[in-house]
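Peer 1: Attaching a single structure in structure tokens format; questions to follow.
Please treat every number below as a calculation from the coordinates, not as lab data. Quantities reported herein were computed from a predicted structural model and do not represent experimental measurements. A quick note on method: Cβ atoms are made from the backbone with ideal geometry, for glycine too, and the neighbour counts reach across all protein chains shown.
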Amino acid sequence: MTVLMTGKVPGMTPEVYDGIAANAIPKLKQAKGFISHAAGMGDDGVWTVVEVWESEEDGQRSFEENVKPNLPAGVVPDRRYRKLHNFTTK
């Protein structure tokens, strides 16, 4: 079942994200179940990540292996998964 992961990442900056992403994005693109990734600063001033995965398990595995070990001390994302009814791209 396709899922949407939304993550709020207090304490994340664009510079730190870029450093993590340089290593993680190539792995993300090859990860089992990966569909899409987007990130940017939210209106509330908190870094926000949105991903679409074939399953929550796929998304969680990729996070644990490729992102979590590279997060700065004290940066703890609030990640949530929701079932998707529809996902469409161009």
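Peer 1: Would you order Asp58, Asp18 from fewest to most other beta-carbon atoms within 10 Å of each residue's own beta-carbon? Display every interim value, and only then the final one.
Peer 2: Numbers: Asp58 18, Asp18 11.
Going from least to most buried by this count: Asp18, Asp58.
Peer 1: Right, next: Let me check against my output: what whole-number percent is the relative contact order of the chain, with C-alpha pairs under 8 Å and at least 6 apart? Could you put the intermediate results ahead of the total?
Peer 2: On the way: 131 pairs, mean separation 43.4, N = 90.
The normalised contact order for the chain reaches 48 percent.
Peer 1: Further question on the same structure: Label points 7 Å out from Cα along the Cβ direction at Lys83 and Glu54: separation in nm?
Peer 2: Placing both labels 7 Å beyond Cα along the Cβ direction yields 1.9 nm.
Peer 1: Let me ask you something else. So what's the back-of-envelope 222 nm ellipticity for the chain, counting only DSSP H runs of four-plus at -39500 (n - 2.57) apiece and dividing by all residues, rounded to 500?
Peer 2: Values: 2 runs with 24 residues, N = 90.
Rounded to the nearest 500, it is -8500 deg cm²/dmol.
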